[in-house]
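Contents: one structure, followed by commentary.
Please treat every number below as a calculation from the coordinates, not as lab data. It should be emphasised that the depicted structure is a prediction, and the values quoted were computed from it without experimental measurement. FYI the Cβ positions are ideal-geometry reconstructions off the backbone, even for glycines, and counts take in every protein chain you see.
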Amino acid sequence: MRVLLFTGKGGVGKTSIAAATAVRAARQGARTLVLSTDPAHSLSDALDVELGGEPGRVATNLEGQQVDARARLETHWRRVQEYVISLLSHGGVDELEAEELSVLPGLEEVFGLVDVRDHVAAGRHDLLVVDCAPTAETLRLLSLPPALGWYLQRLSPLARRWHSVIQPLLGDRAAVPAPQPDVLSAVEALHHTLDGVRDVLVDAHTTSLRLVVTPERVVMAEARRLMGQLALFGYNVDAAVVNRVLPDEVDHPFFTAAKRRQQDLLGELEDGFAGAPVLNAPLRATEPVGADALAELADALYGERDERAVLHHGEPLRIEPAAQGWTLRLRLPFVEREELDVLRRGEELLVRVGSQTRSLMLPAALRRGEIAEATLCDGELVVRLMAPEPGEATEPSSWAGSPAAASASSTGDVAPGPTHTGGHVS
Ligand SMILES: Nc1ncnc2c1ncn2[C@@H]1O[C@H](COP(=O)(O)OP(=O)(O)O)[C@@H](O)[C@H]1O
Ligand SMILES: [Mg+2]
């Protein structure tokens, strides 16, 4: 089973390219499902068929689905949300405001992706093609499963101890609404679901992300930033698609300068997009709508290539033993040194790129290592972790300890805060 996820800025052609890829794969015999998590019904428009909330037949070997992300959000989040609202209301927040605060931005799209996990588990298809919402939301949503998982992982053992530990401490002085057992099981189910989604998305053998761009400098610059962020969270981008490239037939003098500018830009991508191949799709005189037009677009895009193959393997994270410790290598293409920070906190290594932070749970052997050096070289972050001298004091233990110990330690939040080890990247 393969999953191809198309993302990029709004209007660049994600939906068209996703639909085209699906049509081509289906015509080559792959049992294909193309789905959109974007509430705008443009996948339906591109395929020129009505799509429903469940997979429905589009053509031979091809099914389509317009995922109702809002309904999925209701299913998975409602019970937890009700509890969050009750807590906020207890804290004096007005009911309407509490309702608004209880839905994190981007959450809806995350739950749209739960269907991807379910289809992978069901195994009824050879290929899933996902047309994602525009860049900013997609990035947020893609980084949410780990971030939310991190949060929930800490919330559930704490909440389970509520009745035995926390409530007695509070006495009846503070009648904070205690989470009911069904809230706890809802939190646990949610955690499990999001873990499943993330596992599918970061499995580079199953899932490839393809970044769609247009041959314009600003779009390209934005895609570079996105690429760095995606690498940070461990997603494999296996190709960049440059859509709407002016074809050779266009030889009106009016377009001469535009064509030259596009050629220059494409020339800059000669080494690929951080190693990933760059595929070009020509600008069409008419909108590519319907299976035949989409198949033509896909043929121009992939040529002899197998659209279902993993076109590039980025191998984002590697850990190797080294003299006196370990070396951790993380591919971070297009990331600038100034926006990068590496910190160690307990058993986590926090890598921060701009406003995004990824928490890497270190393998047991590395948890006592100190950051000796962090360097950024050729789009790769290299962190040297030194093994402690034998007999040296060990690090404070993790969240597995008591809630009191946990809240007193510095592992409470991914937000900037006190850290055990901070490393400036050189
Ligand atoms: N290569 C192309 N040539 C001509 N029109 C295109 C091409 N790719 C996309 N379009 C048209 O551009 C518009 C936006 O494309 P769409 O795939 O909906 O973008 P996105 O999903 O990124 O918002 C649509 O009307 C689509 O038919
Ligand atoms: Mg679209």
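Neighbour counts of C-beta atoms inside 10 Å place Leu190, Leu47 in the sequence Leu190, Leu47, starting with the fewest. Were the residues from Ser42 through Arg70 laid out at 0.36 nm apart, the gain over their Cα-Cα distance would be 8.4 nm.
Can you tell me, using C-alpha contacts under 8 Å and at least 6 residues apart, the relative contact order of region 289-350 as a whole percent?
Relative CO of region 289-350 lands at 17 percent.
Evaluate the relative contact order of region 244-303 (contact order divided by residue number), counting alpha-carbon pairs under 8 angstrom at least 6 apart; express in whole percent.
That works out to 41 percent.
Largest first, the three principal axis extents of the alpha carbons in region 1-125 are 59, 32, 22 Å in whole numbers.
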